[in-house]
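Input: a single structure, listed below in structure tokens.
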Amino acid sequence: MLEVFEEIVAGTHRDAGSEDYFVDGLLYCGKCRTPRQIRFEAVGRIHEPYIPCQCELEQERKIKEQQQALERSLKIAEIRRKCFIDHKLSEWTFANDNHEGDAAVMDSVYQYALNFPEMLRAGKGLLLYGAQGVGKSYAAACAANYVIDKGYTCVMTNFPRIINIVSGMFQGKQEYIDELCRNDLLIIDDLSSERNTEYADEIVMNVIDTRCTFGLPLIVTTNLTSAQMKGEESVSKKRIYSRLYEMTIPLKYTGEDRRKSVMRDSYQKYKELLHLPG
Ligand SMILES: [Zn+2]
């Protein structure tokens, strides 16, 4: 055992620096002026193994910190890779926002992301509703990227995709849904874009119920209006919307259709080049 210890500490010994010096026959670091060698008696003889001095310990600590930072950034990159179906969404961040969307809602979504630890504890999500293309998905992806940067797990997906995956499975459907629902944040983009069938409703309800059972937050974006959701006649859809209202804070997103503004920007860009009218 003692030999092992001596071997370990001897491994830290480097050639004495030019400024190193001896005190009572023991080596000291010339830089940090702490011992690089200790003396003790054991098993009837004197041992004088080398030990790391303060600056060497500091160096080791820095290397360890750098390794931890690297491991963390690799882990975050992996969570982000798994989060989005379309990888361009990893660029959708609050920092990259061009402020053309609904400023009030964007601010609320930012505050939600900022206070995510509390929202996670409360299992409280957001229901972002409003006309098509106004930037609800953008806002939700910003929240996703923000919480991923903080080390939380997140998946942003949609029901047509979940339904496709589940309906192609012979077994393990519930395990798949459970695993999806175990992410710290689950974002379902574009609710109501799924097929209007009993089977689809069943899967939608299963995911929402599972998420509710786990007590974890859910962000849903939808083009449905509040009147459409509240006035829903179908029993299964009524259940879905009422459960969603329990689990989320509804936010109405108003603003210009982002796709139109992108088209307008592109038109402006090529107007001169292509001699376009207007
Ligand atoms: Zn030193």
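Things worth noting here:
- Of the residues contained in the stretch 241-263, one or more are found to be of a type outside the set (D, E, K, R), free of Cβ contacts under 8 Å to residues at least 24 places away in the same chain and in the same structural domain as Phe116 (by TED's automatic domain parsing).
- The requirement of being under 17 Å from Lys82 (Cβ atoms) and either assigned to a loop (DSSP other than H, G, I, E, B) or in contact (Cβ under 8 Å) with a residue 24 or more places away in the chain (or both) is fulfilled somewhere in the stretch 189-201, by at least one residue.
- Some residue of the stretch 178-193 being out of contact with any helix residue (DSSP H, G or I) (no Cβ under 8 Å at 6 or more places or on another chain), open to solvent by 40 Å² or more (accessible area, probe 1.4 Å) and closer than 16 Å to Val155 by Cα: yes
- Cross-chain or 6+ apart pairs with Cβ under 8 Å, the stretch 59-82 first and surrounded by 12 or more Cβ atoms within 10 Å (Cβ to Cβ), then in a helix (DSSP H, G or I): Ile76/Ile148; Ile76/Asp149; Ile79/Ile148; Arg80/Ser90; Arg80/Asn145; Arg80/Ile148
- Verdict on Ile85 being open to solvent by 80 Å² or more (accessible area, probe 1.4 Å), among the β-branched types (Val, Ile, Thr) and out of contact with any Pro (no Cβ under 9 Å at 6 or more places or on another chain): yes
- Note on the stretch 16-47: residues that are open to solvent by 50 Å² or more (accessible area, probe 1.4 Å) and under 50 Å from the mean Cα position of the chain (by Cα) amount to 7.
- Residue satisfying all of: in the stretch 78-97; in contact with a Ser or Thr (Cβ under 9 Å, 6 or more places away or on another chain) and of a type outside the set (D, E, K, R); farthest from Val155 (Cα to Cα) among these: Trp92
Quick grid of which residues meet (1) open to solvent by less than 50 Å² (accessible area, probe 1.4 Å); (2) modelled with pLDDT of 95 or more:
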{"residue": "Ala113", "(1), (2)": "yes, yes"}
{"residue": "Arg121", "(1), (2)": "no, yes"}
{"residue": "Ala144", "(1), (2)": "yes, yes"}
{"residue": "Cys154", "(1), (2)": "yes, yes"}
{"residue": "Thr157", "(1), (2)": "yes, yes"}
{"residue": "Ser167", "(1), (2)": "no, no"}
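The values are calculated or read from the model by the stated rules, or taken from the named source; none is laboratory data. Fair warning: this is a prediction, and the values are worked out from it, not measured in the lab. Using ideal geometry, Cβ is built from the backbone for each residue, glycine included, and neighbour counts are taken over all protein chains shown. Note: areas computed on protein heavy atoms with side chains; ligands, DNA, RNA excluded. Shrake-Rupley method; radii C 1.70, N 1.55, O 1.52, S 1.80 Å.
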